[in-house]
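One structure is given here, and the rest of the page talks about it.
None of the figures in this text is laboratory data; all of them are computed from the coordinates on show. Remember, predicted model here, so these are calculated numbers, not experimental data. Cβ placement follows ideal geometry from the backbone for every residue including glycine, while neighbour counts extend to all protein chains displayed.
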Amino acid sequence: MSIRPEITLEVVRKYLHQISEITDADWAFFSSKLTRRDIPKKTIFLPIGAVENHISFVVSGIIRLYIPKPDPTKEITFGFSFKEQFISAYDSFLTRRPSLYELQTLTDTTLLSISYDDLQEVYNTTKIGNLIGRLTAERLFLIKSKREQTLLNYTAEQRYLDLFKYRPEVIKEIPLKYISSYIGVTPQALSRIRKRIK
């Protein structure tokens, strides 16, 4: 089912409005710079070595952040982004250097994206640009920080439960091999954890 353009824009505005007041003029300018991207599932839309040129808002879908390896079983999944979150390889976006990890859709995904050049113009013209940059930076920091802290302080079972605490409906959408990589256990160990929980 496709999402009408006016609805996708309204989702972004509603989300931002929860955090800060946005004038109609700022919103009109910012929203005019957004590009909708409909990306099929299992698509790597930012490969390793490419420079990130977008900050995106996830209207729908699930995205995996991971470090690829020659042996796919050794890939390191270090984060996921879900509906109504910002996503970017933000370190690459800021530095204009090649990304050291990849972004891949796990489901059909709809993004609203703004390019680096357009965001610079938004920064210079409105107050909303700083908010977008801050939210994206916070999101990337939380993804990395949360995984590091859970690996140090939680058991594998606690890490599994914590991952789906606020998004239990997405558990069936993420392949177990990515979940096991994220929580730092083998797929076999994850299967035993799931059996215990059930």
Derived scalar couplings ³J(HN,Hα) [the stretch 50-66; Karplus, 6.51 cos²θ - 1.76 cosθ + 1.60; whole Hz; x for Gly, Pro]: 8, 8, 5, 10, 9, 10, 10, 9, 7, 6, 7, x, 10, 10, 9, 10, 7
task: Go through the stretch 120-129 residue by residue and turn each phi into a ³J(HN,Hα) via Karplus (6.51, -1.76, 1.60, θ = phi - 60°); whole Hz please, and just put x for glycine and proline.
output: 4, 5, 5, 4, 7, 10, 9, 8, 5, x
- prompt: In whole Å, how far is the Cα centre of the stretch 90-164 from that of the stretch 171-188?
  reply: 20
query: HN-Hα J couplings of the stretch 104-111 from phi, Karplus 6.51/-1.76/1.60, θ = phi - 60°, integer Hz, Gly and Pro as x?
result: 9, 6, 9, 9, 4, 10, 10, 10
statement: Computed, not fitted: 222 nm per-residue ellipticity of the chain from DSSP H runs ≥ 4 (each -39500 (n - 2.57)), nearest 500, equal to -14000 deg cm²/dmol
message: Using the crude model of +1 on Lys and Arg Cβ and -1 on Asp and Glu Cβ, and no other charge, please compute the dipole size for the chain relative to its Cα centre, in debye to 20.
response: 1080
message: With the crude spin-label approximation of a point 7 Å out along Cα→Cβ, what separation in nm comes out for residue 197 versus residue 121?
response: 4.5
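Classify the stretch 154-198 as rounded, prolate or oblate from the Cα gyration tensor: take a ≥ b ≥ c as the square roots of its eigenvalues, call it rounded if a/c is under 1.5, otherwise prolate when a/b beats b/c and oblate if not. Don't jump to the answer; show the numbers that get you there.
Details: a/c = 1.38, a/b = 1.22, b/c = 1.13.
Note, shape of the stretch 154-198 comes out rounded.
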Label corresponding to Cα extents along the principal axes in Å when calculated from the structure given, among [x] 54, 34, 33; [y] 47, 39, 31; [z] 52, 36, 30: [x]
Among 143, 168, 129 - extreme Cα towards positive end, dipole of the stretch 57-198, charges at beta-carbon: 168
message: Angle check, please: helix 5-17 long axis (alpha carbons) against the longest principal axis of the chain (alpha carbons), in degrees 0 to 90, nearest 10.
response: 80
